[in-house]
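Nothing in this text is a laboratory measurement; each read-out follows from the coordinates by a stated rule. Note that this is a predicted model, so its numbers are computed, not measured. Note that we place each Cβ from the backbone using ideal geometry, even for glycine, and neighbour counts take in every protein chain shown.
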Amino acid sequence: MNDMMATMTANAEATMSAPKMTARDVKVFYGEKQALNGVSIDVHSDLVTAFIGPSGCGKSTFLRCLNRMNDTIETARMEGNIELEGHNIYAPDMDVVQLRARVGMVFQKPNPFPKSIFENVAYGPRIHGLSSTKAELDTIVEQSLVRAGLWNEVKDRLQDSGTALSGGQQQRLCIARAIAVDPEVILMDEPCSALDPIATAKIEELIDDLRGRYAIVIVTHNMQQAARVSQRTAFFHLGTLVEYGDTAEIFTNPREQRTKDYITGRFG
Amino acid sequence: MSAAALIFALLGLAVAAFLVARARAAAFAGRRVFASAADRISSIHSRPAYHGWYVALWALVPALILVLGWSLVGEGIVADRTIASLPAESRPQTALDRQAFLAEVRGVVSGQLAGAFNPSADAAVPVYRSIKTQWSLVIAGLAALLAASGGGFAWLRVRPHFRARPRVERFVMVVLVLSSLVSILTTFGIVLSLIYESIEFFRRVSPFEFLFGTNWSPQTAIRADQVGSTGAFGAVPLFWGTIFIGAIIAMIVAIPLGLMSAIYLTQYAKPRSRRIMKPMLEVLAGVPTVVYGYFAALTVAPAVRDFALSIGISNASSESALAAGVVMGIMIIPFVSSMADDSITAVPAAMRDGSLAMGATTSETIKRVLIPAALPGIVGGVLLAVSRAIGETMIVVMAAGLAANLTANPFQSVTTVTAQIVQLLTGDQEFDSAKTLSAFALGLVLFAVTLCLNIYALSVVKRYREAYE
């Protein structure tokens, strides 16, 4: 109980910091169908923000707006305003390549490239020209793997294929790949939904370790996971943001009836 | 009664058997009251139509096999009997005589000939006719007997608990197996005939000379005192020409163009333009090769020669390896492009998204992730394209020429295995000369090479597919 009180106090203090990303009145359409109606959220730089909600509620859609991955979908159209440190990421002068280097992403299913472990992590630094020598690149790769908690498991077989790792290791490899370009924000789209409980626990620990260094936004189906890893939680339902606040608040004392129904398992 | 009439009669009989047997099986249910659907299903095994099929097949198939068998061997039996019944002195003596004799008899019997030249053949006509009629009646009678007994046997087995369905389904499966065997057996037959004729060839020319000799001049004179009475059968210039045109020049054209168009269509094209451009590209694959052939011979070849002359190559031929190779490459583009398209599309979207989410541009994603991931499929597609190109005939016959030069100069005329086979086998040929038989040896080599390429390419493609499924 004391722990919880302590966390809540910490959260309350943390919310004071300036937001890393701000979204205002974001609407997304897939063709004629509206997937999001007017979502406004602030993402804080030293916190983990969780998006929860039933399937098809728009949480992944909103996540993909934050690094413009929806651009790759032909029929998707977005309205509203999303800013990264005060710059509109949908402005004409915003380069999507630079944006995605600053806002990294980890996907639902681990998707390592069919290359060696080393090449997977070196991919981002190479395309963005972050290292001028082989030694520098080696350092970046090692550091990223260490931060992703994978170094000890793979340091002797960096030249093995990334696809030969187990599912949980693959997902940590993808996280290492994302942090290798030193992004400011990391978006995680249900990163544990394809993993077993032990691998899930490792990823959750890792998310906790990474907090403070990167702003982390995680979409999850698993409410316990949201409660465990996040400080801020947003509940989405039918394309609208129902409630957004401190995680402890949402899970113990939700303001909205729908939130209460969802977290107590009355629908979902 | 002719075989066709007999078959129609049997088919009619089978239809009748089907209808009555089905009606009889349907009557099982009609008389009874069932407690439930489960009761009905457990007390009558097969649906009425299966009983119908069962009886119809028993009535039809044995009799049909007899009739078809007769139509294959019957003619020979009738001929043997006819000749055996003739007095010994009027029987034809040699096989050739016998053939002519029978042809005359049959001609008169069928009414195509008014009368035979050979008096003994004329005399044999009534004998032949009566023997044939006798045998036809016997066969018709036997067929009727088989149909009746087969149908009757099956009819007696029609009972509520009789398992007609599995039997009919097994029959259908046998038919399916036989149909698939047809093409397999045909392939074996082709290979065996190729091997047989090739052995004949290698009796006359040593395999070593054929495979490694560099002089190809298959024209052998009919009489020993004519010029060039001994041919030369060193096939290396043909193998080289085939590889030069099909695997080198054509691929230099087809691989980059096919690959780049596949990349554009899968990665950059809007769905609308992809919908229009992809079928248009595939139309190229539907152009008959003979059309490519005269395009190569009449349009491309002169242009290539003029170009060669203009850059100072004086010995440029009007039939050049370059012209044939370039047009063949164009022909192969849709093939390479659609194989590459399939391979790139088969790379999971997660790879592409993963790369884009790292801030890679579309072209970086293609170069560093999609192409490496799709490479085995692309290589397999290219190998299949090579195997197609070296087996291609019309373009090289029309545009590459027939001179068996061993040259790496693309403006020179070279010839290919397929072009030579056409040359060796068109027109009147005697089938006991090394010249004609060499076509089979060439065919065998070509077959072996394309077979190996296809097997290897398909295994590469298959392994790659498995990796992503």
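With a sphere of radius 14 Å drawn around the Cβ of B:Phe18, what net charge do the other residues whose Cβ falls strictly inside it have (Lys, Arg +1; Asp, Glu -1)? Mind showing how you got there, number by number?
On the way: positive: B:Arg22, B:Arg24, B:Arg47; negative: none.
Around B:Phe18, the surrounding residues sum to +3.
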Check: Whose amide H sits under 5 Å from the amide H of A:Gly80, counting only residues 5 or more places off or on another chain, with H placed in the peptide plane?
Finding: A:Lys27
Next item on the list: Compute the Kirkwood hydrodynamic radius of the stretch B:3-162, taking the inverse of the mean of 1/r over all pairs of distinct Cα atoms, and give it in Å to one decimal.
Entry: 18.9
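Calculated from DSSP H runs of 4 or more alone, at -39500 (n - 2.57) each and per residue, what is the 222 nm mean residue ellipticity of the protein assembly as shown, nearest 500?
Numbers: 30 runs with 443 residues, N = 737.
Helix-only estimate at 222 nm: -19500 deg cm²/dmol.
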Margin query: Quick check: the angle from helix A:134-147's long axis to the longest principal axis of chain A, C-alpha only, nearest 10 degrees?
Written below: 40
Notebook entry, point to check: Across bins of 5 angstrom width beginning at 0, how are the C-alpha pair distances of the stretch B:206-345 distributed, in whole percent?
Noted result: 2, 9, 12, 14, 14, 13, 12, 9, 6, 3, 2, 1, 1, 0, 0
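For a test of the definition: using alpha carbon positions, the gyration tensor, and the 1.5 limit on a/c, classify chain B as rounded, prolate or oblate.
Numbers: a/c = 3.19, a/b = 1.27, b/c = 2.52.
Taking the square roots of the gyration eigenvalues as a ≥ b ≥ c, chain B is oblate.
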Check: Do any trypsin sites (Lys or Arg not before Pro) in the stretch A:179-256 lie in a DSSP loop with no more than 13 other beta carbon atoms within 10 Å, and if so, which?
Finding: A:Arg255
Note to self: Using Cβ counts within 10 Å as a stand-in for footprinting exposure, how do B:Lys462, B:Lys278 rank, fewest first?
What the structure shows: B:Lys462, B:Lys278
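Hey, what does the equivalent ellipsoid look like for the protein assembly as shown, semi-axes from the Cα gyration tensor as sqrt of 5 times each eigenvalue, largest first, whole Å? Don't skip to the end; give the middle numbers.
On the way: eigenvalues 1064, 404, 87 Å².
Calculated on Cα positions only, the semi-axes equal 73, 45, 21 Å.
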Check: When the Karplus curve 6.51 cos²θ - 1.76 cosθ + 1.60 is applied with θ = phi - 60°, which whole-Hz ³J(HN,Hα) does each residue of the stretch B:347-357 get, with x for Gly and Pro?
Finding: 5, x, 4, 4, 5, 5, 4, x, 6, 4, 5
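Return the subset of A:Lys59/B:Lys462; A:Lys33/B:Lys270; A:Lys59/A:Lys260; A:Lys20/A:Lys134 for which the Cα-Cα distance in this structure is over 27 Å, preserving the input order.
Values: A:Lys59/B:Lys462 38 Å; A:Lys33/B:Lys270 21 Å; A:Lys59/A:Lys260 18 Å; A:Lys20/A:Lys134 33 Å.
Violating the 27 Å Cα-Cα cut-off are A:Lys59/B:Lys462; A:Lys20/A:Lys134.
State the percent of C-alpha pairs, over all pairs in the stretch A:107-183, separated by a distance greater than 19 angstrom.
Percent of Cα pairs beyond 19 Å in the stretch A:107-183: 23.
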Next item on the list: Specify the angular offset, from 0 to 90 degrees and rounded to the nearest 10, of the alpha carbon long axis of helix B:250-263 from the longest principal axis of the alpha carbons in chain B.
Entry: 90
Next item on the list: Report, for chain A, the % of DSSP beta bridges that are antiparallel, rounded to 5.
Entry: 60
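Just check the stretch B:216-467 against the gyration tensor rule for me: Cα atoms, a ≥ b ≥ c as the square roots of the eigenvalues, rounded for a/c under 1.5, and otherwise prolate or oblate depending on whether a/b exceeds b/c.
Values: a/c = 2.81, a/b = 1.99, b/c = 1.42.
Prolate, because a/c is 1.5 or more and a/b exceeds b/c.
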Note to self: Through the Karplus equation 6.51 cos²θ - 1.76 cosθ + 1.60, θ set to phi - 60°, convert the phi angles of the stretch B:47-58 into ³J(HN,Hα) values in whole Hz; use x for Gly and Pro.
What the structure shows: 5, x, 4, 5, 4, x, 4, 4, 5, 4, 5, 5
Note to self: Please rank B:Ile139, A:Ile186, B:Ile184, fewest neighbouring Cβ atoms within 10 Å first, as an exposure proxy.
What the structure shows: B:Ile184, B:Ile139, A:Ile186
Item checked: Shielding by partners - mean other protein chain Cβ count within 10 Å, residues of A:179-187 -> 1
Next item on the list: Among A:Val48, A:Val146, B:Val33, rank each residue by its count of other Cβ atoms within 10 Å, from fewest to most, as a rough exposure measure.
Entry: B:Val33, A:Val146, A:Val48
Next item on the list: Divide, for chain A, the radius of gyration over alpha carbons by 2.2 N^0.38 Å, where N is the residue count.
Entry: 1.00
Note to self: Shape verdict for the stretch A:150-268, please, from the Cα gyration tensor: rounded (a/c under 1.5), prolate (a/b greater than b/c) or oblate.
What the structure shows: prolate
Next item on the list: Would you please give the residues with an amide H less than 5 Å from that of A:Ile218, counting only those at least 5 places away or on a separate chain, with H modeled from the backbone geometry?
Entry: A:Thr49, A:Ala50, A:Phe51, A:Met188
Item checked: Gaussian network model of chain A, Cα within-10 Å springs - most flexible of A:Met94, A:Met105, A:Met78 -> A:Met94
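What does the structure give for A:59-70 when I average, per residue, the other chain Cβ atoms found within 10 Å of the residue Cβ?
Numbers: counts 0, 0, 0, 0, 0, 2, 0, 0, 3, 2, 3, 0.
That works out to 1 on average.
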Margin query: List the residues, sorted by chain then number, that are 5 or more residues from A:Ala35 or on another chain and whose placed amide H is less than 5 Å from its amide H.
Written below: A:Val28, A:Phe29, A:Tyr30
Check: Taking the radius of gyration and the Kirkwood hydrodynamic radius from Cα positions alone, what is the Rg/Rh ratio for the stretch B:7-52, to two decimal places?
Finding: 1.16
Notebook entry, point to check: For helix A:2-14, what angle does its Cα long axis make with the longest principal axis of chain A, in degrees from 0 to 90 and rounded to 10?
Noted result: 80
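Test of understanding: what is the full-extension gain from B:Ser120 to B:Val191, defined as 0.36 nm times their sequence separation minus their Cα-Cα distance?
Values: separation 71, 0.36 × 71 = 25.56 nm, distance 4.34 nm.
Gain in length upon complete extension: 21.2 nm.
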